[in-house]
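Some notes on the structure that comes next.
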Amino acid sequence: MNAQRGRLVSGGRLQVPADIRRALGLEDGDPVMMRVVDGELHVRPIRAALARVQARLRPYVSDEERLSDALIADRRRSAEDE
């Protein structure tokens, strides 16, 4: 997708062109992650950020065990040792 112009409107809101919203699968009210990288604003859907984190953690958890379950079990073992 080529670069497109958006607009900063009242209240600091960023008006994102419809083509870009469609490409990102964004609808009104969807949560997004924003960060500044080398003077540029990077915006992505929260679901994309979450999927990226899950993909990074996947190698550390077996197929039968969810990471959250492993973390909870570890916390419970720690609490028993105290």
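Bear in mind these aren't lab numbers, they're just calculated from the coordinates by the rules spelled out. On a predicted model such as this, the values are computed, not experimentally measured, just so you know. When we count neighbours, we look across all protein chains shown, and the Cβ atoms used for this are built from the backbone with ideal geometry, even at glycine.
Identify the residue in segment 22-52 that is farther than 20 Å from Gln4 by Cα and either of a type in the set (Phe, Trp, Tyr) or surrounded by fewer than 10 Cβ atoms within 10 Å (Cβ to Cβ) (or both) and, among all such residues, is nearest to the chain's Cα centre (by Cα). Please lay out each step first, then the result.
Within segment 22-52, the first condition is being farther than 20 Å from Gln4 by Cα, and the residues that meet it are 29-31, 46-52.
Filter again for either of a type in the set (Phe, Trp, Tyr) or surrounded by fewer than 10 Cβ atoms within 10 Å (Cβ to Cβ) (or both), leaving 29, 31.
On the way: Gly29: 15, Pro31: 9 Å.
Ranking the qualifying residues of segment 22-52, first place goes to Pro31.
Just to be sure I understand, how many residues within segment 12-56 are small (Gly, Ala, Ser) and at positive phi? Quick ask: steps written out before the conclusion?
Going through segment 12-56, the residues small (Gly, Ala, Ser) turn out to be 12, 18, 23, 25, 29, 39, 48-49, 51, 55.
If we keep only those that are at positive phi as well, we get 12, 25, 29, 39.
So the answer is 4.
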